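Below: the structure, in structure tokens.
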Amino acid sequence: MSKKVGITGNEAIAQAMRIANPDVCGAYPITPATDIMQRFTSFVANCEVKTEMILTESEHSAMSACIGSSVAGGRVATASAAQGIALMWEMLFIASGLRLPIVMGVANRALSAPLNIHGDHSDGMGMRDCGWIHFYSENAQEGFDNMLMAFRIAEHMDIRLPVMVGLDGFITSHSIETMEYVDDETGRAFVGEFKAVNPLLDIKNPKSYGPLILTDMYMEYRKAHDNVMAKVPGVVLEVAAEFEKISGRKYGLFESYRLDDAEIALVVMSSAAGTTKDVIDTYRAKGVKVGLLKPRLYRPFPYEQMGEALKHCKAVAVLDRADCFGGSYGPLFADVSNALYHYAQRPIMINKIYGLGGRDYMPDQAEYTINELIQIAKDGKVKSIKEYIGVRE
Amino acid sequence: MAENVEIRWHGRGGQGTVTAAKVLADACLSGGRDVQAFPEYGPERAGAPLRAYNRISDKELRMHCPVKNPGFVVVVDATLLDAIDVTEGALDNAAFIVNTKKDPKEVRAKLKAKPTQRVVTVDASTIALETIGRAMPNAPMIGTVTRVSGLITLENAVEDVKKSFGKKFSQKIIDGNVEAVKRGYAEVKEG
């Protein structure tokens, strides 16, 4: 096992990419993900990987280059964030619709306008319905681990779909934290050789990608995509079990923290989950039965498993680092509500919008939310379902 | 050593404050500790006030937010004492480590430090000018923080500065920085 190092989340993502050794990376820089490709291109320059870099003039072209390279028959990876993902949006659907196992590291960032370069989940939520598989990571360690596992999941013969691995822009992308690599040899053996499926460069067996499919078969094609999505959680768990053998680190579809006997719970993704765990420990020490659920696999959303994990709680707060304007509630709240809707007995739910545009998520925001959950569990009264917290009045 | 040490650095863009926090974190990795080093990202420009943070712990570090109650406050540029309240949120037993020519007693009065809080000064800018040839006070400050915090040994700090700076700089500059760390460690005044 390799020793502990102090590195940034972006470096963790870049190192996982180095181990996976993609054939091609199409990339265009954008804060706070620039650093991922900056580091990765130095691996290319130093011949530590065999990757061909395609430096494009925009993210739309970067994803297009990834798509072209992937249909040609290569392992492909990239990185982006925020406006970059917004600009690639059209191509994101094409990557998933063509069933291309492209892996993308994302340093999640707020969307303009107003211009803001800091961490929130608006970019990831904007690509929520693009048919990709989504992972969110709490820290550099999870960023590295998820990125390594992403290649296995994307390239799995039952899946063949693109995967996004997010961590919080600046908060974890640029912070130095302690983590442990998987050594190169073990990591390479874990990721394995890339196996092309119907590569365009196999010119003896010509194929066509992206044909016109109209009313006759489009719906069947979409249903096939949905069927594949249903297989993803099983493969994610299978790959996680194998990863645990080489790393000692255990991953599920989501993380449950002190949740089994909890009467109240918070659902929160990425870096804010860590801060919340520390606050939960202080409440637990006072005898408050509070727990946490941290989504890891966000798309496909593990509705059934999450419903089972939360249904026993009296009150649940879902914290969203993004808002859906006009959708009334944050995106994660909507998903968790869906997961619990089918139970006759279900928790009372509230939604907090926090940390937009990099606003610090401080322990007092977790305390505020837990105090409200304690009150709701006691008297069942909800003052408002949705509330922005940590806002300057 | 306390099981969780939190440090807040105050500097100005271009003084190597963020690098200092990173080097310290790296040096603290020894002994299996968990570390964090992160700046507060704003408009990054030379001369602008900035903050950086460290957490060093025997336990897994899960907090991902700025340090509110530091045990050590490092002021890399003393002109900041007139601009911001560097004592904000500092623990009752916190130590303030200030780069200044001034007497620590004078600094203590200016900070209105509590009797339970330590005030330590070092003339890091002069040390840097004499050792590195530039007013880059970060290396001597690493030496002073090493001594005051007791987190690592001087040898640890020196080794890590060699490692961190060795990638980018010539031997002459590395030697200057090592000398700067040693003098920052030695030339500490407390009052």
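Structure notes:
- Flag if residue B:159 is in a helix (DSSP H, G or I), out of contact with any helix residue (DSSP H, G or I) (no Cβ under 6 Å at 6 or more places or on another chain) and in contact (Cβ under 8 Å) with a residue 12 or more places away in the chain: yes
- Some residue of segment A:35-57 being buried (at least 23 other Cβ atoms within 10 Å of the Cβ), in the same structural domain as residue A:128 (by TED's automatic domain parsing) and within 30 Å of residue B:59 (Cβ to Cβ): yes
- First in segment A:86-104 and under 16 Å from residue A:156 (Cα atoms) and assigned by TED's automatic domain parsing to the domain that holds residue A:20, second anywhere and of a type in the set (Val, Ile, Thr) and assigned to a helix (DSSP H, G or I), Cβ under 7 Å, 6 or more apart: A:95/A:67; A:98/A:67; A:98/A:71; A:100/A:67; A:100/A:71
- Subset of segment B:18-63 [basic (Lys, Arg) and either under 14 Å from residue A:8 (Cβ atoms) or part of a loop (DSSP other than H, G, I, E, B) (or both)]: B:22, B:33, B:45, B:59, B:62
- Going through (1) of a type outside the set (Val, Ile, Thr); (2) away from chain A (no Cβ under 14 Å); (3) assigned to a strand (DSSP E or B) one by one, residue B:130 falls short only on (3).
- Residue selected from segment B:93-120 under the condition in contact with an Asp or Glu (Cβ under 7 Å, 6 or more places away or on another chain), touching a residue at least 40 places away in the same chain (Cβ under 8 Å) and under 24 Å from residue B:177 (Cβ atoms), by the criterion surrounded by the fewest Cβ atoms within 10 Å (Cβ to Cβ): B:120
- Verdict on residue A:100 being among the aliphatic types (A, V, I, L, M), over 26 Å from residue A:138 (Cβ atoms) and not in a helix (DSSP H, G or I): yes
- The residue list B:52, B:78 contains one member that is surrounded by 15 or more Cβ atoms within 10 Å (Cβ to Cβ) and within 12 Å of another protein chain (Cβ to nearest Cβ), which is B:52.
- Condition broken by residue A:332, with the remaining ones in (1) closer than 29 Å to residue A:31 by Cβ; (2) more than 19 Å from the chain's Cα centre (by Cα); (3) not in a loop (DSSP other than H, G, I, E, B) satisfied: (2)
- Checked against the criterion of being in contact (Cβ under 8 Å) with a residue 60 or more places away in the chain and more than 13 Å from the chain's Cα centre (by Cα), the candidates A:120, A:202, A:168 yield just one match: A:202.
The values are calculated or read from the model by the stated rules, or taken from the named source; none is laboratory data. Please read these numbers as outputs of a predicted model, since none were measured by experiment. Quick reminder, even Gly has a Cβ in these numbers, built from the backbone with ideal geometry, and neighbours come from all protein chains shown.
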